[in-house]
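Below is one structure, written out as structure tokens; the observations come after it.
Each reported figure results from applying straightforward, stated rules to the coordinates on display, with no laboratory input. All values derive from a computational prediction rather than experimental measurement. Note that each Cβ is placed from the backbone with ideal geometry, even for glycine, and that neighbours are counted across all protein chains shown.
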Amino acid sequence: MEQGRVPAADCTLCPRLAAFRAGNAAAHPDWFNAPVPSFGPADAGLLVVGLAPGVRGANRTGRPFTGDFAGDLLYATLLEHGLADGVYAACADDGLTLSGCRITNAVRCVPPENKPTTDEINTCRTFLKDEIASLPHLRVILALGKIAHDAVVRALGLRLSAHPFAHGRDHALPDGRHLIDSYHCSRYNQNTRRLTPEMFRQAVRRVLAYL
Ligand SMILES: O=c1cc[nH]c(=O)[nH]1
């Protein structure tokens with residue numbers, strides 16, 4: 001269930017993203033083609049923050065990371081650590097549920113070439129801020145990649161210089177919560193072995209210590 005302020009299905013705050021979405025909707029009317037809502041229970045202790053929906057992944061299925069290459073490792077790791085239940089079948093109606101965990105994106109709409117602009121990240125941060133504020137039991141945020149990390153730090157009103165991104169870093173936040181960084185589980189990072197499944201497991205295990 002979504003809480004707080006969320007983007008409208010026809011959000012036009014980012015003109016370039018709205019135009020890209022409209023083009024995708026014309027070419028693929030059977031796809032989701034809207035700002036992708038967060039997934040997971042509102043009483044989650046963990047919020048996983050990704051970058052933005054992939055065009056044939058979350059933008060098609062309507063669920064973060066679902067159908068995206070990155071989702072294979074993310075959901076497998078969540079299942080392995082008891083943060084998800086069921087079977088991940090890369091579609092939004094696979095019956096998979098999250099347990100104590102919620103997933104969102106720094107940017108809710110699919111960007112061309114997976115690259116949101118600085119303006120788009122800044123504009124969509126209002127929704128990330130509301131998402132974080134709407135989770136009463138939130139204890140730890142897992143940021144996937146530097147863009148997600150920076151968006152979270154700014155959404156929390158903190159200084160990036162005090163909280164630089166580094167894979168595996170555990171940032172103790174002033175309010176007692178924690179921000180843990182991982183390289184994004186993108187195809188590129190996995191293929192280049194910048195992020196291995198074991199490195200990602202270790203980041204998720206760090207998270208578990210705070211739940
Ligand atoms: O960051 C990402 C990558 C793929 N799919 C998402 O929803 N987010």
**Message:** Sort Glu120, Glu198 by Cβ crowding within 10 Å, fewest neighbours at the top.
**Reply:** Glu198, Glu120
**Asked** Given a Förster radius of 35 Å and the C-beta distance between Thr97 and Arg187 as r, what FRET efficiency does 1/(1 + (r/R0)^6) yield to the nearest 0.05?
**Response** 0.85
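Taking the number of other C-beta atoms within 10 Å as the exposure measure, put Leu211, Leu83, Leu179, Leu160 in order starting with the fewest.
Ordered by Cβ neighbours within 10 Å, fewest first: Leu160, Leu211, Leu179, Leu83.
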**Request:** Please report, in debye to the nearest 20, how large the charge dipole of the chain is about its Cα centre when each Lys and Arg carries +1 at its beta carbon and each Asp and Glu carries -1 there.
**Result:** 580
**Message:** Using Cβ counts within 10 Å as a stand-in for footprinting exposure, how do Ser186, Ser161 rank, fewest first?
**Reply:** Ser161, Ser186
**Lys/Arg +1, Asp/Glu -1 at C-beta; the chain dipole; positive extreme among Thr97, Ser186, His163** = His163
**Prompt:** According to a simple spin-label model (label point 7 Å from Cα along Cα-to-Cβ), what is the distance in nm between His81 and Ala22?
**Reply:** 4.1
**Three-way shape call for the range 120-178 based on the alpha-carbon gyration tensor, with the a/c threshold at 1.5** = oblate
**Message:** Loop-only trypsin sites (Lys or Arg not before Pro) in the range 71-164, please: DSSP not H, G, I, E or B, and at most 10 other Cβ atoms within 10 Å.
**Reply:** Arg159
**Asked** Is the shape of the range 42-208 best called rounded, prolate or oblate, per the rule: a/c under 1.5 gives rounded, else a/b larger than b/c gives prolate, else oblate, with a ≥ b ≥ c the square roots of the Cα gyration tensor eigenvalues?
**Response** rounded
**Request:** Would you compute, from DSSP H runs of 4+ residues alone, the mean residue ellipticity of the chain at 222 nm, taking -39500 (n - 2.57) per run and dividing by the full residue count, rounded to the nearest 500?
**Result:** -10000 deg cm²/dmol
**Fill in**
With R₀ set to 30 angstrom, the calculated FRET efficiency between the beta-carbons of Leu211 and Ala162, to the nearest 0.05, is 0.75
